[in-house]
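**Q** Dropping a structure here in structure tokens format, bear with me for questions.
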Amino acid sequence: MTLKRVGILTGGGDCSGLNAVIRAVTRAAVIQHGAQVVGIHNGFDGLVTGRTMTLDTAVTRDILTLGGTIIGTTNKGNPFAYRELNDDGTIRVSDLSDKAVQTVRELGLDCLFVVGGEGTLEIGYKLQQKGVPMIGIPKTIDNDLEGTDYTFGFQTAVQVACDALDRLHTTGRSHHRVMILEVMGRTAGWIALEAGIAGGAHIILIPEIPYDIRHVVRKITLRAKGGSPFTILMAAEGAVAVGGSAITQESATTRLQGVPQLGGVGNHLAGLIKQDIDLEVRTTVLGHIQRGGSPCAFDRVLGTRLGAAAVKAAAEGKFGHMVALRTPDIVLVPIAELAGVVRTVPPTSQLIEAAEAIGINMGRERM
Ligand code: F6P
């Protein structure tokens, strides 16, 4: 079918490559169909507030290399459980999904492109079940979405983390220090693992393999005894000790999001290590630097391919699907198959095998 009017929203945490997708969807919809394109502001929030903007080839010019998202995003706007702060500090939760559906109808959208991670796609799919024709486009720096080889944003984040490790190497070696780098990854350690391998880390701690601090300390001690007190430790923010839980922070904003904000594992590890070893330990928290800035070439290409394929899928009426990379092709995956599944690093991962084979410590007795 010919598309007349389509909408696009970006939900959840941002990442590099979102604008490449927005540009690709807009250009494909305009060039292939002569369609009007509506940008929904700030994820699903825009469907509740009705705030939108017009997207066309002029508006999306020169945004391929731009970080962030020109239509905004939020990780607080689930219309099925809309969380707002009362004056007394309590949270009120309401179901505003009917309002969101009504906005889509009023806008007259033939398709709503939902760009997001697992949570955002799940909300999009619930809207589809209420009559909103939608197509999902997989995004997240965490690379933890089932059904696709890679989400866009991940490779850029890995490169940023790898660059940071390269820099920590030179200063750490010069000062004979233990250098800890904390990166993102709540439940999936893909960034820590890939960037850790790429950046020559000596220890990598990921949420999927609870660490025993004794093995971490042992690795550092062995290196020191071997004449190299300098050690690079890469830790995902969600890394947990055996029998422990992730280090979290708490604030009104995080309560509005409905999920705890992680962070602090790097300093926590530094404290534990310093109890046992008389070496200088320094921690760097990379944080949102992993999500900002220009996408790498891989993410520009992937974002462009996913955006163009999403428009094609909409014209073919393949609603309720996500466009996905199954190398070398872009394929369609039913979102129903993905609901609620977070793709963590499997215990049998060849990445882990390769890391341990070359002597990288994963916080456990070498397998
Ligand atoms: O889901 C992506 C992610 O980058 C996580 O790795 C991280 O825990 C979270 O977003 C942080 O999100 P924010 O600081 O935007 O709440």
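The values are calculated or read from the model by the stated rules, or taken from the named source; none is laboratory data. It should be emphasised that the depicted structure is a prediction, and the values quoted were computed from it without experimental measurement. Note that we place each Cβ from the backbone using ideal geometry, even for glycine, and neighbour counts take in every protein chain shown. In case anyone asks, the SASA skips ligands and DNA or RNA and just uses the protein heavy atoms, side chains included. Shrake-Rupley method; radii C 1.70, N 1.55, O 1.52, S 1.80 Å.
**Q** Return the residue satisfying two criteria in turn: it lies in region 37-94 and is small (G, A, S) and in a loop (DSSP other than H, G, I, E, B), and of such residues it is nearest to M134 (Cα to Cα).
**A** Among those that are small (G, A, S) and in a loop (DSSP other than H, G, I, E, B), it is G43.
**Q** Now, a different point. Quick one: what pairs do we get from region 135-150, first residue farther than 18 Å from T187 by Cα, second within 15 Å of the ligand (Cβ to nearest atom) and of a type outside the set (K, R), C-beta under 6 Å, 6+ apart or different chains?
**A** Partner pairs satisfying both residue conditions: G136/L121; I137/V115.
**Q** In the same structural domain as R173 (by TED's automatic domain parsing) and within 15 Å of the ligand (Cβ to nearest atom) - does that describe any residue in region 270-285?
**A** Within region 270-285 (the criterion being in the same structural domain as R173 (by TED's automatic domain parsing) and within 15 Å of the ligand (Cβ to nearest atom)), the answer is yes, since at least one residue qualifies.
**Q** Does any residue of region 293-313 turn out to be aliphatic (A, V, I, L, M) and assigned to a strand (DSSP E or B)?
**A** Among the residues of region 293-313, not one is aliphatic (A, V, I, L, M) and assigned to a strand (DSSP E or B), which makes the answer no.
**Q** Could you check L181 against (1) in a helix (DSSP H, G or I); (2) within 16 Å of the ligand (Cβ to nearest atom); (3) over 15 Å from the mean Cα position of the chain (by Cα) and say which number it fails?
**A** (1)
**Q** Right, something else. How many residues, within region 249-267, are modelled with pLDDT of 75 or more and within 18 Å of T187 (Cα to Cα)?
**A** Matching residues across region 249-267 total 9.
**Q** So which residues in region 140-178 are in a helix (DSSP H, G or I) and either of a type in the set (A, V, I, L, M, F, W, C) or within 13 Å of the ligand (Cβ to nearest atom) (or both)?
**A** Result: F154, T156, A157, V158, V160, A161, C162, A164, L165, L168.
**Q** Do you know which residues across region 162-177 are open to solvent by 50 Å² or more (accessible area, probe 1.4 Å) and in contact with a Pro (Cβ under 8 Å, 6 or more places away or on another chain)?
**A** H176
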